[in-house]
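Working notes, beginning with the structure itself.
The values are calculated or read from the model by the stated rules, or taken from the named source; none is laboratory data. Quantities reported herein were computed from a predicted structural model and do not represent experimental measurements. A quick note on method: Cβ atoms are made from the backbone with ideal geometry, for glycine too, and the neighbour counts reach across all protein chains shown.
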Amino acid sequence: MTRFLTQILRPTLMQRFYLAVRQEGLAIALRKARVFIAMLWRGEGQSALNADGATVAPEHYLQSIWQQLAKGEAFHPTPPDKDSRRFIAIIGDLNLPQCRKYRVEQLAEFWAGQGVACEFAHFQDLPRVTRLLTRATHMIEYRLQSSPVTEMIRYEARRLRLPIMYDIDDPLFSISAYETYGNMGVLDPAMKTHFVAEAPRYLAMMNGADMVSVSTPQLAQHCRLFTERPVHVRRNFADDATLMMGAAAMKARNKDDGVFRVGFASGSQGHEADLASIFEPLERFFEGNAHRLVLLGHFDLNRLPDVLRSRADIVPFTTYENYLHELAGVNCTVMPLCDDTFNRCKSAVRVIDAASVGVPSIVAPVGDLPNLIVQGKTGFVANNQSEWHTALGRFEGARDTTRCIGREARRQLETHWSGIADPHIIDPEILDWVLR
């Protein structure tokens, strides 16, 4: 029983549980935990095996291989030839669907477009991780924190003499960002304590790489306060799958029923604080009419004022494709962000999502959001409460024009914010790191 408890209370599993609570809510996280614990009890939850079939601790997965190589004087291989065909292995924490899509899957697609083979693995899938590293000329670590398993993977990459880039899309390494992050105020204090305690582990991993890539210029600036490693930007963009699914969602859009719908997407818990920052203009906009507030994803209705609660429709996240179909049914989206360090590092993925289905956005002047808006042509940047109300009124009062703005947002996405190797999408230094 002691060994069993040790297995289920491993730090990596506890981290996954906390992330599941934050992203999917306590009920779903507990259900997943019950399923996994039942698998462990039945002996089905193990993946790292010795040659004789006996289970070993994941952090010892490569131990016997290393010992054999060392005894055979084959521990230090020749580094990858600079003229050989490039192969990138992305090893990351792939538990969060949005993160996996924008920082891993679309990056693999991008490099394929540059003629570079690229495959990825979840860091706990050690057999696949090992296979990819033996083929790799470069390794990218995504959103990993220091742990016995990730340090073992890093050791293997160094043994193979692979250049290593660390990629991250939130300031998970920054205690100063967490301490001023407004969204933490609506979550269990224990979760904030956990995230703050984990920050040094992300920083340790980041500082062990040769180069760091991040999702926004603002995050790069904050990151440079913590590392002497070169930090470069690879923005999130609209990949081919997003554009195709978005076009399909636009085509399947329901006929206009006359109701004006305002969308707000919340991919994780805590974004009630962001929407609260524009309650006043929203209440004025929704007063005395039949407009609806469509909340896509996670939201605690108890945190809404009465006027908004009576107009709110919650649409849970299922798949990204279904999310886009639901998003296509709103007339515009609002993307408020509290102005704090954490949010200033945020990317504009929700603008990308909305534009992919031809829906215009009203955004806060925080993070990378305003950089994806052409004011008045693809959406609005609202700098104060009055501008939020004015922008909503313009969209509602001229619906044909609103649809035209949505179509222009889609066109701008296709031509300027897709997977092109231009400096506003990816810093040239990242291209050089792989191609030269």
* Structure fact -> Sole miss for residue 273 among (1) crowded, with 20+ Cβ neighbours inside 10 Å; (2) over 25 Å from residue 414 (Cα atoms); (3) touching a strand residue (DSSP E or B) at 6+ places or on another chain (Cβ under 6 Å) is condition (3)
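Each row is one residue, and each column tells you yes or no for (1) more than 20 Å from residue 81 (Cα to Cα); (2) assigned to a strand (DSSP E or B); (3) modelled with pLDDT under 95.
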{"position": "106", "(1), (2), (3)": "yes, no, no"}
{"position": "111", "(1), (2), (3)": "no, no, no"}
{"position": "119", "(1), (2), (3)": "no, yes, no"}
{"position": "140", "(1), (2), (3)": "no, yes, no"}
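Name the one entry in 16, 34, 85 that is at pLDDT 60 or above, of a type in the set (Lys, Arg) and not in a helix (DSSP H, G or I).
Working: 16 fails: not in a helix (DSSP H, G or I); 34 fails: not in a helix (DSSP H, G or I).
Exactly one of 16, 34, 85 is at pLDDT 60 or above, of a type in the set (Lys, Arg) and not in a helix (DSSP H, G or I), namely 85.
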* For the range 231-272, what are the residues that are assigned to a strand (DSSP E or B) and hydrophobic (A, V, I, L, M, F, W, C)? -> 231, 233, 238, 262, 264, 265
* To do: Filter the range 413-436 down to residues that are touching a Lys or Arg at 6+ places or on another chain (Cβ under 8 Å) and in a helix (DSSP H, G or I) and give me whichever is nearest to residue 238 (Cα to Cα).
  => 430
* Single match in 265, 238, 249 (criterion: within 14 Å of residue 328 (Cβ to Cβ), in contact (Cβ under 8 Å) with a residue 60 or more places away in the chain, buried (at least 19 other Cβ atoms within 10 Å of the Cβ) and within 18 Å of the chain's Cα centre (by Cα)) -> 265
* Structure fact -> Flagged in the range 203-223 as of a type in the set (Val, Ile, Thr) and not in a strand (DSSP E or B), in numbering order, are 216
* To do: List the number of the failed condition for residue 227; all other conditions in (1) touching a residue at least 40 places away in the same chain (Cβ under 8 Å); (2) surrounded by fewer than 23 Cβ atoms within 10 Å (Cβ to Cβ) hold.
  => (1)
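I'm trying to understand the selection: among the residues of the range 81-107, which are of a type in the set (Asp, Glu) and free of Cβ contacts under 8 Å to residues at least 12 places away in the same chain? Break it down into steps so the answer makes sense when it comes.
We begin by selecting, within the range 81-107, every residue of a type in the set (Asp, Glu); these are 81, 83, 93, 105.
Of everything in the range 81-107, those that are of a type in the set (Asp, Glu) and free of Cβ contacts under 8 Å to residues at least 12 places away in the same chain turn out to be 81, 83.
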* Examine the range 279-290 for a residue that is surrounded by fewer than 22 Cβ atoms within 10 Å (Cβ to Cβ), part of a loop (DSSP other than H, G, I, E, B) and under 19 Å from the mean Cα position of the chain (by Cα), and state whether such a residue exists. => no
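For every residue, the table says whether it meets (1) crowded, with 16+ Cβ neighbours inside 10 Å; (2) closer than 17 Å to residue 355 by Cα.
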| position | (1), (2) |
| --- | --- |
| 373 | yes, yes |
| 376 | no, yes |
| 379 | yes, yes |
| 382 | yes, no |
| 389 | yes, no |
| 399 | no, yes |
| 410 | yes, yes |
| 414 | no, yes |
| 422 | no, no |
* Return yes or no: is residue 352 touching a Cys at 6+ places or on another chain (Cβ under 7 Å), outside any loop (DSSP other than H, G, I, E, B) and under 21 Å from residue 183 (Cβ atoms)? => no
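From the set of residues in the range 355-367 that are part of a loop (DSSP other than H, G, I, E, B) and out of contact with any Gly (no Cβ under 7 Å at 6 or more places or on another chain), which is farthest from residue 217 (Cα to Cα)?
Here is the first cut: in the range 355-367, the ones part of a loop (DSSP other than H, G, I, E, B) are 357-360, 364-367.
Those left that are additionally out of contact with any Gly (no Cβ under 7 Å at 6 or more places or on another chain): 364-367.
On the way: 364: 17, 365: 14, 366: 12, 367: 9 Å.
Applying the filter and picking the extreme gives 364.
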* **Failed item, numbered, when residue 193 is tested on (1) hydroxyl-bearing (Ser, Thr, Tyr); (2) loosely packed, with under 15 Cβ neighbours inside 10 Å; (3) assigned to a strand (DSSP E or B)** => (3)
* Asked: Just a yes or no: is a residue in the range 321-340 under 26 Å from residue 424 (Cα atoms), in a helix (DSSP H, G or I) and modelled with pLDDT of 95 or more?
  -> yes
* Test: residue in the range 154-162 that is within 28 Å of residue 344 (Cα to Cα) and surrounded by fewer than 21 Cβ atoms within 10 Å (Cβ to Cβ) -> no
* Output for the range 291-323, where each listed residue is touching a Gly at 6+ places or on another chain (Cβ under 9 Å), of a type in the set (A, V, I, L, M, F, W, C) and crowded, with 16+ Cβ neighbours inside 10 Å -> 293, 294, 295, 296, 315, 317
